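All remarks here apply to the structure that follows.
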Amino acid sequence: MKTITKVLGLISIITIGITMSYFLELYRDFTQLILVLTISGLIINIGFLFIYEWMQKKDEEVEELNKAIDLTRDYVKDLEQRYS
């Protein structure tokens, strides 16, 4: 999980760098540049946070499934011990 977040963070940093270089070529006016970079950076960070939140929810779902599997396994062991 930590490696995935590190990779996503690295990808977002690289994307921000590419976006900055692209918009530096297109816009020479300082105020337009700052506005465009701010908006693009916010969009990239919102996307990163959305993916991170989605991954956290998936981890919680997997943990719940693992707990259900463990409870079922324990119940089957109890039944086997009772009727053995």
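Taken together, the values in this text are just the output of simple stated rules run on the coordinates, not laboratory data. These figures come from a predicted structure and were not determined experimentally. Quick reminder, even Gly has a Cβ in these numbers, built from the backbone with ideal geometry, and neighbours come from all protein chains shown.
A few remarks follow.
- Springs join every pair of Cα atoms under 10 Å in this Gaussian network model of the chain, and among T15, T72, T38 the largest mean-square fluctuation is at T72.
- Using alpha-carbon coordinates, inclination of helix 2-26 to the longest axis of the chain, degrees: 20
- Of the trypsin sites (Lys or Arg not before Pro) found in the chain, the ones in coil according to DSSP and having at most 10 other Cβ atoms within 10 Å of their Cβ are R28.
- Candidate aspartates and glutamates - alpha carbon under 19 Å from K2, same-chain residues fewer than 8 apart omitted: E53, D59, E60, E61, E63
- The angle between the Cα long axis of helix 30-82 and the main principal axis of the chain comes to about 0°, on a 0 to 90 degree scale.
- Projected label distance in nm at S84 and E53, using a 7 Å step from Cα toward the beta-carbon: 4.8
- Every helix of 4 or more DSSP H residues in the chain counts as -39500 (n - 2.57), and over all residues that averages to -34500 deg cm²/dmol at 222 nm.
- Within a straight-line Cα-Cα reach of under 12 Å, K67 cannot be paired with any aspartates and glutamates, leaving aside sequence neighbours fewer than 8 residues apart in one chain.
- Computed over the stretch 2-82, Kirkwood Rh from alpha-carbon pairs, angstrom: 16.2
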